[in-house]
Amino acid sequence: MKTESLSEVHSTVKTDKKGWRKILAFIGPAYLVSVGYMDPGNWATDIAGGSEFGYKLIWVLLMSNLIALLLQSLSARLGIVRGMDLAQASKNAYPKWANIPLYILAEIAIAACDLAEIIGMAIGLNLLFGLPLIWGVSLTALDTVLLLFLMNKGMRTMEAFIVSLVFIIGLSFFAEMVIVSPVYGDVIKGFVPSNLSGNALYIAIGIIGATVMPHNLYLHSSLVQTRKIDRSSKGLKAAIRFNFFDSTIALNLAFLVNATILILAAAAFYVNGYFHVAEIQDASKLLEKLFGKAAPTFFAIALIAAGQSSTITGTLAGQIVMEGHLNLRIQPWLRRLITRLLAIIPALFTIIYFGDGALGSLLVLSQVVLSLQLGFAVIPLIHFNSDRKVMKEFTIKLWVKILAWLSAAVIVYLNIKLVVDEITSWVKSAGDNRIYIYTLVVPIAIAALVLLAFIFVYPFFTSSKKKKKQWPHGKAEAFQLNEPVKYKHIGIAIDFSGNEQKIIQNALSQGGKSASYTLIHVVESAAARYHGDKSMDYETQLDAANLEAYQKSLEELGYSADSQIGFGDPASEISKLIAKNDIDFLVVGSHGHKRVKDMVYGTTVDSLRHSIQIPLLIVT
């Protein structure tokens, strides 16, 4: 099994070029990352912040962008130097028990991010075409097809598609700014830091969570590995430098888009006395009321582009997190579907039970959830980049380390303050129900804080150990040639697909005449699944007769053979027969299906290899 991060596109982009062509070869990963910094979740927090506090929170955006640039450059450095993404490095560095909650938290963050994309897409479709929100949310499940198409076309095609969407977003907001015409003197004052408390703190943390997104740290450390780079010291230095240029340009463009949204909200709503515009739909209606029909049209187009681009990168991040933390690889379409369903369910629940108007609040909440998970990604990232034993000459400098830990401290402090404030307010308003907060919410918050403290402290006590774990398989050991393995009882799975001759010949070559053979077939008819071994339908009788014919042929050739019939699910039945007959080697034929048929029929072999404990030979 391939162990590279995003193995299907790993090292597929060549960089052995000169001059400006070499620079262009490295351009791309940060643009895929940057779309997460201008997704619909950012819109919700920026609109809420701009409408309620005017230009006062622009400095939070700038601070978030600078922190994002620092952390994304560390993420890229990790991927380039160690050839691991952040999830793989975490699996390698932390105990197994800690990786499970780290994976769960990362998955929650990705679902929260995907929730923002779903809502944004649905609102964009509603604004542009009048499509009801509940239908828009349901339709977003279909974008799985687009992701698969882009992945099959290669990394450069995907990057070109994303950059095109980013261009559409930027162009749309440039048009918005021309229409709204803010007072730029007031805008500049917003870059001066101010005190944060109450709702301003809540929205500020949402802005940080929407800007410095945890899944982007996993994503960037993997995407930089799509470049085929020279692994020499000089080559690694060049790759780090070019990726920093890529990150600087892409993230500053994302900052301009975010700042534009906040300025737009402040100039259009705050200045005109609309102080609590939390809903994107309300923002669009007010834009039309204040500035005519052109403004909401550009607004909706940008929203759809932002939602679609971000949902693609969110899926890739989900794949990286699952493969890295759990070493579990599943089909991209299935991974996409799982991620999307985790986000669609709360969105549909909110619309059905609370109405369309609650989606704006859900968007802001999703970004706060992202921020709360951020510390669990940032702290390991800084540790890994500071480890001189593995990073060697590419270990980050002291001043970079100080800035990184200060950024992490700001994020963690703000998150702890928010959690304490929220729980305190819940307790005050809960009345007799406060017992549930003390028994459910408080223990979870304490457990999360303990885990955060553990991942911070643990590397300090393990960095001195000479023997490091090797992800994912460990070091190769000296190979010794022993006596050839001899199998005594070989199972031969027959499915009457026309490939039996080759399957049986391969089985016989493994054991010769010294082994015994059991021919296995599983009847999958409706009668067989329902009646089991009591089934005597035509298919069962025909299959039994054919299996006995193969058995007799083998016996005539001097082989010891018998036959066994199973009923129902092939994988589970074959597993039972293997255990029952003490079979120590199994030969099966591949199903030979492709594309859609593979999804429908090609499940037996894959399920079988996970359910048996003996060697398996697959004959194609």
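What follows draws every value from the coordinates through simple rules; no lab data is involved. This is a predicted model, so every value here is computed, not measured. Don't worry about glycine lacking a Cβ; one is built from the backbone with ideal geometry, like all the others, and counts go over all protein chains shown.
Taking neighbour Cβ counts within 10 Å as the exposure measure, how do H383, H489, H215, H521 sort from fewest upward? It would help to have the intermediate numbers written out before the result.
On the way: H383 21, H489 17, H215 28, H521 24.
The most exposed by this proxy come first: H489, H383, H521, H215.
Among E323, E422, rank each residue by its count of other Cβ atoms within 10 Å, from fewest to most, as a rough exposure measure. Kindly include the intermediate steps, with their values, before the conclusion.
Values: E323 25, E422 14.
Fewest-to-most ranking of E323, E422: E422, E323.
Each residue of segment 392-397 was assigned a 3J(HN,Hα) from its phi angle through the Karplus curve 6.51 cos²θ - 1.76 cosθ + 1.60 (θ = phi - 60°); the sequence is 6, 5, 9, 4, 5, 5 Hz, with glycine and proline shown as x. For S516, the residues whose modelled amide H falls within less than 5 Å of its own, excluding neighbours fewer than 5 places apart on the same chain, are H489, I490.
Remark: segment 507-518, residue by residue, has Karplus-estimated 3J(HN,Hα) of 5, 5, 5, 7, x, x, 8, 7, 9, 9, 10, 10 Hz, where x stands for each Gly or Pro and the curve is 6.51 cos²θ - 1.76 cosθ + 1.60 at θ = phi - 60°. Between amide H atoms placed 1.01 Å from N, distances below 5 Å from L617 occur with L586, V587, V588, all of them 5 or more places distant or on a separate chain.
Here are some pairs, K91/K237; K56/K91; K91/K580; which of them have Cα atoms lying more than 31 Å apart in this structure?
Details: K91/K237 26 Å; K56/K91 41 Å; K91/K580 37 Å.
K56/K91; K91/K580, as the Cα separations exceed 31 Å there.
May I ask you to sort D114, D230 by Cβ crowding, counting other Cβ atoms within 10 Å and putting the fewest first?
Numbers: D114 29, D230 13.
By the 10 Å Cβ count, ascending: D230, D114.
Scanning residues 5 or more positions from F567 or on other chains, those with amide H under 5 Å from its amide H are V523, with H placed 1.01 Å from N in the peptide plane.
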